[in-house]
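**Q** Let me give you the structure first, and then I'll get to my questions.
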Amino acid sequence: MKVIMLNGSAHQKCNTAFALDNVADVLQSDGLVTERIEIGREALHGCIGCGVCGQKKNLECRFTDDPVNGWIKQMAD
């Protein structure tokens, strides 16, 4: 199993990253694979609740310029 951790802080090497690193260490010691994605400095659209991302055929946000689509693919994998 792979655990994807999202760091929403604009400071990629501060408290939130430190906490995520500690969580990753515990998960990895249990045999899980971890990956941290830095989202704190990304320009993101707010969710408008359209449901496009939840459709089984689509699995992507309707805002095509949003980096969320790449993250959705990573999480689906």
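**Q** Specify the residue that is most open to solvent (accessible area, probe 1.4 Å); the eligible residues are those in the stretch 1-22 that are closer than 20 Å to Trp71 by Cα and hydrophobic (A, V, I, L, M, F, W, C).
**A** Checked the stretch 1-22; the qualifying residue most open to solvent (accessible area, probe 1.4 Å) is Met1.
**Q** Out of all the residues in the stretch 42-58, is one or more among the β-branched types (Val, Ile, Thr) and either part of a loop (DSSP other than H, G, I, E, B) or open to solvent by 80 Å² or more (accessible area, probe 1.4 Å) (or both)?
**A** Checked the stretch 42-58: at least one residue is among the β-branched types (Val, Ile, Thr) and either part of a loop (DSSP other than H, G, I, E, B) or open to solvent by 80 Å² or more (accessible area, probe 1.4 Å) (or both).
**Q** Has the stretch 1-8 got at least one residue that is basic (Lys, Arg), within 16 Å of the chain's Cα centre (by Cα) and assigned to a helix (DSSP H, G or I)?
**A** No, the stretch 1-8 contains no residue that is basic (Lys, Arg), within 16 Å of the chain's Cα centre (by Cα) and assigned to a helix (DSSP H, G or I).
**Q** Of everything in the stretch 17-34, what is in a helix (DSSP H, G or I) and in contact (Cβ under 8 Å) with a residue 24 or more places away in the chain? Give them in sequence order.
**A** Leu27
**Q** Please find, within the stretch 23-41, the residue that is nearest to Asn7 (Cα to Cα) out of those that are among the β-branched types (Val, Ile, Thr) and open to solvent by 60 Å² or more (accessible area, probe 1.4 Å).
**A** Looking at residues that are among the β-branched types (Val, Ile, Thr) and open to solvent by 60 Å² or more (accessible area, probe 1.4 Å), I get Val23.
The values are calculated or read from the model by the stated rules, or taken from the named source; none is laboratory data. Please read these numbers as outputs of a predicted model, since none were measured by experiment. Ideal geometry is used to build each Cβ from the backbone, glycine not excepted, and the neighbour counts take in all protein chains shown. When the accessible area is computed, the model is the full protein with side chains, heavy atoms only, and any ligands, DNA or RNA have been set aside. Shrake-Rupley method; radii C 1.70, N 1.55, O 1.52, S 1.80 Å.
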